């Protein structure tokens, strides 16, 4: 699998992870800041949460890592959590804004 194909698979996996309080996946919410694919199919994801006090603060990154590990061919997965820059609703995709009634 090429780097581009693997990144597409990672995005597909991320679209299966939801913040329990919001009916939109973490990718469309804009919680994923960066996805890097390193040699030998090592995946790095830099992400945030809607707020540092999010009740799902521990569960969401763990679920992100599990979903990516399920992709065939992935060697290692590293999920880093950051609150810089802080999350804002401007980071949501148009689809997420529509879903949540912000448009």
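The values are calculated or read from the model by the stated rules, or taken from the named source; none is laboratory data. Since we're looking at a predicted model, the values are computed, not measured. Note that each Cβ is placed from the backbone with ideal geometry, even for glycine, and that neighbours are counted across all protein chains shown.
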Quick check: is even one residue across region 52-61 surrounded by fewer than 13 Cβ atoms within 10 Å (Cβ to Cβ), over 28 Å from residue 101 (Cβ atoms) and at pLDDT 95 or above? no
Can you tell me how many residues in region 69-103 are touching a strand residue (DSSP E or B) at 6+ places or on another chain (Cβ under 7 Å) and without any contact (Cβ under 8 Å) to a residue 24 or more places away in the chain? 1
Go through (1) assigned to a loop (DSSP other than H, G, I, E, B); (2) out of contact with any helix residue (DSSP H, G or I) (no Cβ under 8 Å at 6 or more places or on another chain); (3) surrounded by 12 or more Cβ atoms within 10 Å (Cβ to Cβ) one by one and return the number of the condition residue 101 breaks. (3)
Looking at region 63-85, which of the residues that are surrounded by 11 or more Cβ atoms within 10 Å (Cβ to Cβ) and closer than 18 Å to residue 51 by Cα is nearest to the chain's Cα centre (by Cα)? 64
Assess whether residue 46 counts as being in contact with a helix residue (DSSP H, G or I) (Cβ under 6 Å, 6 or more places away or on another chain) and surrounded by fewer than 19 Cβ atoms within 10 Å (Cβ to Cβ). no
Could you check how many residues of region 16-36 are surrounded by 14 or more Cβ atoms within 10 Å (Cβ to Cβ) and in contact with a helix residue (DSSP H, G or I) (Cβ under 8 Å, 6 or more places away or on another chain)? 14
